[in-house]
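The values are calculated or read from the model by the stated rules, or taken from the named source; none is laboratory data. Model, not experiment: these values are computed from the prediction. We place every Cβ from the backbone using ideal geometry, glycine too, and count neighbours over all the protein chains shown.
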Amino acid sequence: MSSLYDGPIIDAHHHLWDLGSGRYSWLTDGPREVVFGSTGPLIRDYLLADYLADMASIDLVKSVHIQASFFEDPVAETRWLQGIADEHGFPHGIVAYALLEEPDAEGVLEAHCAHANTRGIRQILSWHENPTWTFHERADLMQDAAWRRGFGLLQRYNLSFDMMIYSGQLGDALDLARAFPDTQIILNHTGSPADRDDEAIAAWRAGMSALAGAANVAVKISDLGAYDHNWTTESTRPFIRHTIDAFGTERCMFASDFPVAALHGGADAIYDSFKTIVADLSADEQRALFHDNAVRLYRLG
């Protein structure tokens with residue numbers, strides 16, 4: 001018997017930004033076209049009050065902030081977010097930014113960890129042959145020896161790694177996960193299935209199934225609208241259910257990716273769709289997807 005989830009929700013992936021700080025070149029350098037559309041509507045301050053207003057229709061109890069800035073002092077964003085959390089409670093977890101290939105990577109990690117809510121690191125690795133879609137100039141960074149040395153430091157500091165890649169990079173992700181089995185990797189945005197011809201979807205499915213064989217990899221099911229701007233519940237269902245079938249309900253979690261996902265839908269529509277797609281699962285499985293897995297994977301207890 002199907003039953004829509006009506007319990008508490010942890011948003012495991014969202015962003016805040018204060019453009020007056022000058023830290024966000026991907027926004028402040030002016031509008032440009034990327035995989036999710038134009039950055040133009042995002043070129044405005046997006047602060048905690050804006051985020052909580054956008055999420056007012058759901059039973060939000062905790063959140064995890066994912067790095068949104070690229071600047072010379074990567075700890076500045078963490079310092080700013082920790083101040084917000086200390087005053088307002090949100091966000092409960094912070095996934096910070098670091099260039100793992102740089103010689104000073106360990107000092108940056110240590111500085112991030114001086115802030116109580118730091119839980120992990122994200123360095124966007126998304127490379128695509130389409131220059132409009134690519135976020136990184138190198139396709140092979142996960143294979144780079146210097147980068148891997150930096151990645152190897154994450155376990156020492158009890159940090160997870162948020163991995164944002166395209167589906168063509170899933171093989172490299174599996175190799176990395178096997179090389180560092182004690183480091184928690186959290187794949188962003190359902191593996192970013194941007195290419196939508198039959199061959200590409202088949203490759204995404206195979207890549208996700210293979211990556212699920214690495215027990216240290218979990219997945220955030222989020223912002224499929226970035227790759228399907230006119231998404232519907234039925235158009236996203238195959239991607240969501242394949243991911244859950246591959247990784248299991250214990251290694252998947254739902255997330256908003258606000259405000260980016262707001263370009264293609266409100267929080268109520270996004271979360272109502274999630275709830276519909278997993279309504280046939282047990283109450284415990286649904287709670288794991290919407291709440292409990294985020295508590296465990298991001299240590300939010």
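If only one of Ser273, Ser235 is more than 18 Å from the chain's Cα centre (by Cα), without any contact (Cβ under 8 Å) to a residue 40 or more places away in the chain and not in a loop (DSSP other than H, G, I, E, B), which one is it?
Among Ser273, Ser235, only Ser235 is more than 18 Å from the chain's Cα centre (by Cα), without any contact (Cβ under 8 Å) to a residue 40 or more places away in the chain and not in a loop (DSSP other than H, G, I, E, B).
Filter segment 50-81 for residues that are small (Gly, Ala, Ser) and within 18 Å of the chain's Cα centre (by Cα); which is farthest from Arg287 (Cα to Cα)? Steps first, answer last, please.
Taking segment 50-81 and keeping what is small (Gly, Ala, Ser), we get 53, 56-57, 63, 68-69, 76.
Checking the rest, the ones that are also within 18 Å of the chain's Cα centre (by Cα) come to 63, 68-69.
Numbers: Ser63: 15, Ala68: 28, Ser69: 31 Å.
Of everything passing the filter in segment 50-81, Ser69 is farthest from Arg287 (Cα to Cα).
Of the residues that make up segment 20-41, is at least one crowded, with 19+ Cβ neighbours inside 10 Å, without any contact (Cβ under 8 Å) to a residue 24 or more places away in the chain and assigned to a helix (DSSP H, G or I)?
Yes: one or more hits.
Does segment 51-77 hold any residues that are surrounded by 15 or more Cβ atoms within 10 Å (Cβ to Cβ) and not aliphatic (A, V, I, L, M), and which are they?
Tyr51, Asp54, Lys62, Ser63, His65, Gln67, Ser69, Phe70, Pro74, Glu77 - these are the residues of segment 51-77 that are surrounded by 15 or more Cβ atoms within 10 Å (Cβ to Cβ) and not aliphatic (A, V, I, L, M).
For the subset of segment 276-301 comprising residues that are among the charged types (D, E, K, R) and part of a loop (DSSP other than H, G, I, E, B), which member is nearest to Pro91 (Cα to Cα)? Before you say what the answer is, go through the steps one by one.
Keep residues of segment 276-301 that are among the charged types (D, E, K, R), which gives 280, 284-285, 287, 292, 296, 299.
Still in the running and part of a loop (DSSP other than H, G, I, E, B): 280, 299.
Numbers: Asp280: 31, Arg299: 13 Å.
Of everything passing the filter in segment 276-301, Arg299 is nearest to Pro91 (Cα to Cα).
Out of all the residues in segment 112-125, is one or more at pLDDT 95 or above, among the small types (Gly, Ala, Ser) and part of a loop (DSSP other than H, G, I, E, B)?
The answer is yes, given that some residue of segment 112-125 is at pLDDT 95 or above, among the small types (Gly, Ala, Ser) and part of a loop (DSSP other than H, G, I, E, B).
Looking at segment 134-192, which of its residues are of a type in the set (D, E, K, R) and touching a residue at least 60 places away in the same chain (Cβ under 8 Å)? Talk me through it step by step, then tell me what you get.
First, the residues of segment 134-192 that are of a type in the set (D, E, K, R): 137-138, 140, 144, 148-149, 156, 162, 172, 175, 178, 182.
Matches in segment 134-192: Asp162 only.
Name the residues in segment 87-116 that are out of contact with any Lys or Arg (no Cβ under 9 Å at 6 or more places or on another chain) and crowded, with 22+ Cβ neighbours inside 10 Å, would you?
Once the filter is applied, which keeps residues that are out of contact with any Lys or Arg (no Cβ under 9 Å at 6 or more places or on another chain) and crowded, with 22+ Cβ neighbours inside 10 Å, segment 87-116 yields Val108, His112.
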